[in-house]
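The values are calculated or read from the model by the stated rules, or taken from the named source; none is laboratory data. From a predicted model like this one, the values you see are computed outputs, not experimental measurements. Quick reminder, even Gly has a Cβ in these numbers, built from the backbone with ideal geometry, and neighbours come from all protein chains shown. Remember, those area values only see protein heavy atoms, side chains included, never the ligands or the DNA or RNA. Shrake-Rupley method; radii C 1.70, N 1.55, O 1.52, S 1.80 Å.
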Amino acid sequence: MINVKLPDGSIKELEDNSTVADLAGSISEGLKRNSVAAEVNGQIADIGTILKDNDEVRILTSKDPASLEVLRHSTAHIMAQAVQRLYPNAKVAIGPSIENGFYYDFDIADHQLKPEDLPKIEDEMKKIIKEDQIFAKVDVKDVNAQIEEFKNKGEIYKAELMTEHAEHNPTLYMNKSKDGNIVWNDFCRGPHLPSSKFVKSFKLLTVAGAYWRGNEQNKMLQRIYATAFWTKEELDAHLLRLEEAEKRDHRKLANQLDLFSIREEVGSGLILWHANLSVVRESIEEYWRTEHRKRGYDIVYSPHIAKSQLWDISGHNEHFRENMFYMTVDEQDYVLKPMNCPFHILMYQAKRHSYRNLPIRMAELGTVYRYERSGALHGMTRVRGFTQDDAHIFCTPDQFVSEINRIIDFVDDTLSMFGMKYSVELSTRPDNYVGTLDVWDKAEAGLKEALDSKNISYEINEADGAFYGPKIDFKLTDAIGRTWQGATIQLDFNLPIRFDLKYTDKDGSLQTPVMIHRVIFGTMERFIGILIEHYAGAFPTWLAPEQVTLVPISERHVEYAEEVHSMLRDAGIRVNLDDRSESMNYKIREAQVRKVPYMLVMGDKEVEDKKVAIRSKEKGNLGTVTAEEFLAQILEEVRSKGKTKIGE
RNA sequence: GCCGACAUAGCUCAGUCGGUAGAGCAACAGUUUCGUAAACUGUAGGUCUGGGGUUCGAUUCCCCAUGUCGGCUCCA
């Protein structure tokens, strides 16, 4: 007999070799029927898992969120089986569950999967589900024989994976039909559902290309992305969420709200900022400048091109030649700047520095150009010409930890002000690093110390830092859940040496300063692109291109509206007088569609009382006040950046 | 860059099994002067992304290019 511990702390006695299913059955028939997987000693496992003495077991039903990935992974197996039934030459690669769904990669020599194939595959999957196939886990006893079998069947990807996992007790999952025959199998660690019949609500979404093992040198496979949920309601809700998210896409809103455009005759990845979005940018840049001055930064400007030799010194020609724009004028080679650092470094070098005047914090809204590969371009979030809110901090080795702390605060203050959430990643020393081990260790410890002291949770990307230094990245998420690099803080042990930077220390000796690269927004393009999605195009008043629309009800109210118009405009409010001979309802609707925060309606009553009727985009009619009162309120809303709002 | 899909009026989209296109909104003109999300009538607007090919004839079929979209890869 064995004893197992349940989540409530109780101990259950079972026969030797009992499985999770037996345990479930010993508790209740209903639980046995509904159990789909288990958590055994913290690991997700099949209900067929044989329990040992003292195991801690939590039985998972479909109610448990942890069961969802089991469902999805099993659905992936069913999809792979369906694909192989329909396309017998299909070879399977890998098919994991991912956030919000799963995928499976195939190599199909004689067929290119098309969107129209997806319903056919779905139908085949439904058949497999109906067949009530059992997922049976089997240990691979003779690994070499199994590899040979995979090879004989042409399953070269499975053979390759099995070869690598030969030492890790590989297991197969056999799909058995009702009569006990093995109808399909896959090399897999599991876990899986007890049977295919547990799968009810799934949808195949898209076909895509993906390199085998994510390596560009390898063959490109065909990937099907799909998702699965326990109920149709959850699936429908998920699909609806996707649809809703698409409406927030900054590329869609760009047209609707006249924000920006990208023109073929200008070039890919080059943004035309229309007047509306330029207002948003201008407001953000003004905020940026004010904050930088407050926090001890110097703001500078540098040219957009420099002679190629500068980029030899910096090393960019060597590392990023493929991604830079070159031009030749009067037999002299120039480069369109891909970074601002060399300019800031040269400004640092313009005079001698003492430890007394460090740190020097040099900031610039620097527009740079990089030749990104065409397939990587994406709206405003991945472009070829963009403005970084760049800064470089030159400091002593004793100062960089406190400088990093200051920057983390700066990033958090800024993103919080916009209500944007972020996740943090710390990347450590790669193999091809420059500099010395003790400096790297100190730097990494310093970055960790800074994050820990602020209770910021972060993931560590081992060996993923730049060759010149470790870094902290802040990731932002767009409307459809894609994550983008936003703020970043990077230590650099390389450029100070390449440019031979120095400062005079206390003892009169010349020392090399530590250099920190950092951006807060990342780039104006990407940040504002994500901001559009964050607000779904409805910018808060301090950023709104048009803050107020004046709606005179008929022509006889226009004269009064003009008075209000000039008063608000003179006070710096972005106000638009809609004096077209359209109905009031029409003007209000248009202003709502343009997402204007406030409308002031003026008819006979308002003209007579010298007042305005405020309509908020969000809250509707807010009642009547004098134009002066409204002005005071909106100025306060703008000044506080939305902390106070009219009508709240 | 790679795999795949797509490209029709300013915008959103329909259409042509090969016989050179249509709607709504927007624009413009006129009528209407209105109380919190669309007044009415009319006018104009398209070498159907570009270049080749097949064909009596191509927006439609084929090829190439460009761009966009979904992914992969990359991202100093």
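The table below gives the values:
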item: Hey, A:K158 modelled with pLDDT of 95 or more and among the charged types (D, E, K, R) or not; result: yes
item: Conditions (1) under 26 Å from A:I284 (Cβ atoms); (2) within 16 Å of RNA strand B (Cβ to nearest atom); (3) assigned to a helix (DSSP H, G or I); (4) touching a residue at least 40 places away in the same chain (Cβ under 8 Å); number of the one not met by A:E606; result: (1)
item: Residues that are of a type in the set (S, T, N, Q), open to solvent by 20 Å² or more (accessible area, probe 1.4 Å) and in a helix (DSSP H, G or I), drawn from the stretch A:317-337; result: A:N323
item: Answer residue from the stretch A:52-73, given it is under 18 Å from A:F135 (Cα atoms) and not in a helix (DSSP H, G or I) and is least open to solvent (accessible area, probe 1.4 Å) among those; result: A:L60
item: Criterion violated by A:T541 - all others in (1) polar (S, T, N, Q); (2) closer than 18 Å to A:I634 by Cα; (3) within 14 Å of RNA strand B (Cβ to nearest atom) satisfied; result: (3)
item: Qualifying residue in the stretch A:304-316 (condition: of a type in the set (A, V, I, L, M) and outside any helix (DSSP H, G or I)); result: yes
item: Options A:K247, A:K307, A:K351, A:K294; residue that is open to solvent by 80 Å² or more (accessible area, probe 1.4 Å) and closer than 27 Å to A:R639 by Cβ; result: A:K294
item: Selection count, the stretch A:207-221, where residues are out of contact with any helix residue (DSSP H, G or I) (no Cβ under 9 Å at 6 or more places or on another chain) and either near RNA strand B (Cβ under 7 Å from one of its atoms) or touching a residue at least 12 places away in the same chain (Cβ under 8 Å) (or both); result: 7
item: Any pair with Cβ under 8 angstrom, 6 or more apart, that starts in the stretch A:544-565 at a residue that is over 23 Å from A:V280 (Cβ atoms) and ends at one that is of a type in the set (S, T, N, Q) and part of a strand (DSSP E or B); result: none
item: Every pair of residues 6+ apart whose Cβ atoms lie under 7 Å, when the first sits in the stretch A:103-119 and is under 13 Å from A:G209 (Cα atoms) while the second is assigned to a strand (DSSP E or B) and of a type in the set (D, E, K, R); result: A:Y103/A:R223; A:D105/A:R223; A:F106/A:K91; A:D107/A:K91
item: Search result, residues across the stretch A:552-571 that are in contact with a Leu (Cβ under 8 Å, 6 or more places away or on another chain), open to solvent by 20 Å² or more (accessible area, probe 1.4 Å) and more than 15 Å from RNA strand B (Cβ to nearest atom); result: A:H565, A:M567, A:A571
item: The stretch A:266-279 residues that are within 16 Å of A:T387 (Cβ to Cβ) and hydrophobic (A, V, I, L, M, F, W, C), paired with ones that are open to solvent by 30 Å² or more (accessible area, probe 1.4 Å) and part of a helix (DSSP H, G or I) (beta carbon under 9 Å, 6 or more apart); result: A:W273/A:R281
item: Verdict on A:S416 being within 15 Å of RNA strand B (Cβ to nearest atom) and closer than 30 Å to A:G481 by Cα; result: no
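This table checks each residue for (1) touching a residue at least 24 places away in the same chain (Cβ under 8 Å); (2) touching a Leu at 6+ places or on another chain (Cβ under 7 Å); (3) under 30 Å from A:K120 (Cβ atoms).
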site: A:G30; (1), (2), (3): no, no, no
site: A:N41; (1), (2), (3): no, no, no
site: A:A45; (1), (2), (3): yes, no, no
site: A:K52; (1), (2), (3): yes, no, no
site: A:R58; (1), (2), (3): yes, no, no
site: A:S62; (1), (2), (3): yes, no, yes
site: A:E69; (1), (2), (3): yes, no, yes
site: A:H77; (1), (2), (3): yes, no, yes
